[in-house]
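Could you have a look at this structure, given as structure tokens, before my questions?
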Amino acid sequence: QVQLVESGGALVQPGGSLRLSCAASGIIFSDNAMGWYRQAPGKQRELVARIRSSGSTDYADSVKGRFTISRDNAKNTVYLQMNSLKPEDTAVYYCNTPLSLRSWGQGTQVTVSS
């Protein structure tokens with residue numbers, strides 16, 4: 001059974017930083033591309049960053065230059081370093097496998113507000 005457990009969300013001021021983590025189990029982690037998604041109130045869930053098994057990465061234009069996705073295959077964990085946070089980054093953040101979506105985890109809340 002696949003489990004995706006996100007953590008690291010918090011309330012942070014604009015301009016601040018956070019590092020999210022997602023621990024995966026039940027999959028061959030190193031073989032899978034991993035992605036970070038977010039869903040803001042009243043909006044559709046969107047993919048904001050993706051890292052392939054090769055380590056190459058893609059970002060949504062809205063986060064490019066501010067967010068960095070990385071992975072540690074030894075720990076079956078994917079990270080999202082978020083810098084220069086803006087109020088519009090406020091959302092619940094989730095991880096998943098973009099090429100074949102699994103059941104969603106509970107997500108982690110990120111709130112950017114002064």
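Among the candidates Gly55, Gly105, single out the residue that is at positive phi and outside any strand (DSSP E or B).
Numbers: Gly105 fails: at positive phi.
After ruling out the rest, the residue left standing is Gly55.
When only residues in the range 1-17 that are open to solvent by 70 Å² or more (accessible area, probe 1.4 Å) and in a loop (DSSP other than H, G, I, E, B) count, which is farthest from Val110 (Cα to Cα)?
Among them, the one singled out is Gln1.
Closer than 27 Å to Ser25 by Cβ, open to solvent by 60 Å² or more (accessible area, probe 1.4 Å) and not hydrophobic (A, V, I, L, M, F, W, C): is that true of Lys86 in this structure? Give the steps one after another, and end with the answer.
Details: closer than 27 Å to Ser25 by Cβ: no; open to solvent by 60 Å² or more (accessible area, probe 1.4 Å): yes; not hydrophobic (A, V, I, L, M, F, W, C): yes.
No.
Residue by residue, here is whether (1) open to solvent by less than 10 Å² (accessible area, probe 1.4 Å); (2) in contact (Cβ under 8 Å) with a residue 24 or more places away in the chain holds:
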{"position": "Gln44", "(1), (2)": "no, no"}
{"position": "Tyr79", "(1), (2)": "no, yes"}
{"position": "Met82", "(1), (2)": "yes, yes"}
{"position": "Ala91", "(1), (2)": "yes, yes"}
{"position": "Tyr94", "(1), (2)": "no, yes"}
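Moving on to the next point. Taking Asn32 as the residue in question, decide whether it is surrounded by fewer than 18 Cβ atoms within 10 Å (Cβ to Cβ), in contact (Cβ under 8 Å) with a residue 60 or more places away in the chain, of a type outside the set (Ser, Thr, Tyr) and out of contact with any strand residue (DSSP E or B) (no Cβ under 6 Å at 6 or more places or on another chain).
On the way: surrounded by fewer than 18 Cβ atoms within 10 Å (Cβ to Cβ): no; in contact (Cβ under 8 Å) with a residue 60 or more places away in the chain: yes; of a type outside the set (Ser, Thr, Tyr): yes; out of contact with any strand residue (DSSP E or B) (no Cβ under 6 Å at 6 or more places or on another chain): yes.
Here the answer is no, as Asn32 does not meet what is asked.
Let me ask something else. Quick check on my filter: what residues within the range 47-64 are open to solvent by 70 Å² or more (accessible area, probe 1.4 Å) and either more than 20 Å from Asp31 (Cα to Cα) or in contact with a helix residue (DSSP H, G or I) (Cβ under 8 Å, 6 or more places away or on another chain) (or both)?
Result: Asp61, Lys64.
I would also like to ask the following. Only residues in the range 96-114 that are open to solvent by less than 40 Å² (accessible area, probe 1.4 Å) count as the first member; pair them with residues that are modelled with pLDDT under 95, Cβ under 6 angstrom, at least 6 apart or cross-chain, and list the lot.
Asn96/Arg102
If you don't mind, there's one more thing I want to ask. Checking Ala74 against (1) assigned to a loop (DSSP other than H, G, I, E, B); (2) touching a residue at least 40 places away in the same chain (Cβ under 8 Å): exactly one of these is not met. Which one?
Exception for Ala74: condition (2).
Does Leu20 fit the bill of being aliphatic (A, V, I, L, M) and either exposed (fewer than 15 other Cβ atoms within 10 Å of the Cβ) or over 10 Å from the mean Cα position of the chain (by Cα) (or both)?
Numbers: aliphatic (A, V, I, L, M): yes; either exposed (fewer than 15 other Cβ atoms within 10 Å of the Cβ) or over 10 Å from the mean Cα position of the chain (by Cα) (or both): no.
No.
The values are calculated or read from the model by the stated rules, or taken from the named source; none is laboratory data. Quick caveat, the model's predicted, so the values are computed rather than measured. Because the Cβ atoms are built from the backbone with ideal geometry, glycine has one as well, and the counts that use them run over all protein chains shown. Ligands, DNA and RNA are excluded from the accessible area calculation, which covers all protein heavy atoms including side chains. Shrake-Rupley method; radii C 1.70, N 1.55, O 1.52, S 1.80 Å.
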